[in-house]
1. Have a look at PHE95, PHE58 and point out the one that is within 16 Å of the ligand (Cβ to nearest atom) and part of a helix (DSSP H, G or I).
2. From the list GLU116, GLU82, which residue is among the acidic types (Asp, Glu) and in contact with a Gly (Cβ under 6 Å, 6 or more places away or on another chain)?
3. Among the candidates PHE34, PHE8, which residue alone is modelled with pLDDT of 95 or more, within 13 Å of the ligand (Cβ to nearest atom), aromatic (Phe, Trp, Tyr) and closer than 20 Å to PHE131 by Cβ?
4. Residue by residue through the range 170-180, note down the ones that are under 25 Å from LYS49 (Cα atoms) and more than 8 Å from the ligand (Cβ to nearest atom).
5. Restricted to the range 186-200, and to residues that are more than 9 Å from the ligand (Cβ to nearest atom) and over 15 Å from ALA135 (Cα atoms), which residue is surrounded by the fewest Cβ atoms within 10 Å (Cβ to Cβ)?
6. Could you please find all residues in the range 251-263 being surrounded by 20 or more Cβ atoms within 10 Å (Cβ to Cβ) and touching a helix residue (DSSP H, G or I) at 6+ places or on another chain (Cβ under 9 Å)?
7. Given the residues ASP29, ASP47, which is the only one that is surrounded by fewer than 18 Cβ atoms within 10 Å (Cβ to Cβ) and within 16 Å of the ligand (Cβ to nearest atom)?
8. Of the residues SER183, SER119, only one is crowded, with 22+ Cβ neighbours inside 10 Å, of a type in the set (Gly, Ala, Ser) and either within 16 Å of the ligand (Cβ to nearest atom) or assigned to a loop (DSSP other than H, G, I, E, B) (or both); which?
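The values are calculated or read from the model by the stated rules, or taken from the named source; none is laboratory data. None of the values given here were measured: they were computed from a predicted structure. When we count neighbours, we look across all protein chains shown, and the Cβ atoms used for this are built from the backbone with ideal geometry, even at glycine.
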Amino acid sequence: MGIIVTKFGGTSVADAIQAKKTQEIIEADADRKFIVVSAPGKRFDADNKITDLLLLLFTHLEQNAPYEQIFQVVKDRFIDIERALGIDAGITAAFDVIEKKLKEGATKDYLASRGEYLSGRIFAALLGIDFIDAAGIVLFNEKGRFLSEETNAALAAELEKHERGVIPGFYGSLPNGEIKTFSRGGSDITGAIVARAISADVYENWTDVSGFLVADPRIVKNPKAIDQISYKELRELSYMGASVLHENAIYPARLAGIPINIRNTNAPTERGTFIVAGEKETEGRIITGIAGSKDFTVIAIYKNMMSSETGFIRRVLSIMEDYGIPIEHIPSGVDTVSIVIADKYLDDKLGDIIEDIERKTQADTVEVFEKMALIATVGSRMAARKGVSAKLFTALYEADVNVRMIDQGSSEMNIIIGVENNDFETAIRAIYDAFANE
Ligand code: ASP
């Protein structure tokens with residue numbers, strides 16, 4: 001016997017059919033004692049997420065535009081779920097309270113949080129277990145900063161009083177009692193902090209995909225799923241654009257050494273992906289995952305004898321700091337250094353930056369490569385193996401991809417390459433094909 005904290009995302013609670021699947025999953029294992037739920041998400045592609053509707057409702061209120069229709073759409077969705085499940089979760093009365101608040105001037109966060117609140121009420125009634133409101137136990141300071149340790153203590157004390165319970169995700173409260181939400185997708189964070197507070201054996205995160213895939217399925221056909229990934233590898237992959245879990249959800253679980261298991265509500269027999277704390281065993285696939293994104297600019301600076309000049313890189317970096325631009329990577333050679341910047345931070349500052357670099361560093365040449373893509377090939381086993389980069393670059397050469405930049409982190413867990421935007425998909429497929437069958 002252990003304790004499993006299970007979190008269900010928006011698609012797992014989108015309607016009564018999904019709610020039934022969720023109920024079956026929960027009831028299949030008596031260890032699933034604490035359940036964290038999202039607000040109902042999309043039932044089909046063109047559908048609306050409840051949270052989006054609630055935020056739209058707030059915009060209407062703010063602008064004194066009629067809001068009744070949106071309110072009714074949200075209410076109908078919950079009433080339909082309650083009715084189809086044949087339960088009494090007090091949804092009509094809850095909407096009366098919300099409407100009253102709304103007329104008194106409800107805050108944006110209060111409204112946004114009601115999707116999770118009502119979803120929590122529905123599941124508590126459906127499962128016949130306690131509803132544990134997150135307000136008052138998930139704590140933020142007056143500036144809206146999440147209070148991790150205070151929350152851990154308050155949650156632990158509260159959860160102790162319940163044998164089982166449903167906790168709505170995504171929100172908590174400020175010291176004055178007002179509701180405060182995490183950023184979008186934040187129910188993942190609630191799941192992780194609940195798992196930490198109760199010292200769960202596993203934090204299950206149920207969504208609509210069977211875990212992380214080795215590569216983006218929009219680029220690689222039927223990519224394999226990742227069985228196991230370390231927190232560190234996950235951080236590298238999410239940084240490069242792979243996303244299934246809210247980034248801030250990793251920290252609390254990692255801190256407490258609780259494995260996270262990403263699972264699929266629509267395919268509950270699949271094991272999904274385990275995100276684990278320690279280093280992985282050396283046997284198994286060399287490459288854990290491939291991720292990347294487009295639209296970067298590389299500024300390549302060359303200066304004869306740069307390597308013997310002190311403070312050169314600092315001068316370049318301070319120029320970037322002056323412009324408030326974060327740097328992605330700084331690959332360097334003997335007399336060269338390149339700065340890789342995401343285009344979204346550049347706006348129209350590029351010309352001025354180049355001018356500053358030329359003037360302040362007296363560089364011999366400053367070359368700019370635009371429309372670049374970065375691809376990270378991540379795997380903690382790479383460090384222990386010979387020939388990994390040879391294989392990677394041979395695959396790229398054979399696929400006729402011109403590699404414009406290479407950066408290997410000191411952990412040797414990650415090889416990052418820069419290619420032209422046009423070569424992005426070809427490069428990812430070539431790397432995948434080279435390693436997927438290892
Ligand atoms: N309902 C919130 C959102 O749509 C939070 C979540 O689902 O995790 O962002």
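1. Just a single option satisfies the conditions, and that option is PHE58.
2. GLU116
3. Answer to the selection: PHE8.
4. TYR171, GLY172, SER173, GLU178, ILE179, LYS180
5. The extreme case among them is SER199.
6. The answer is PRO252, ALA253, ARG254, ILE258, ILE260, ARG263.
7. Sole residue among the options that is surrounded by fewer than 18 Cβ atoms within 10 Å (Cβ to Cβ) and within 16 Å of the ligand (Cβ to nearest atom): ASP47.
8. SER119
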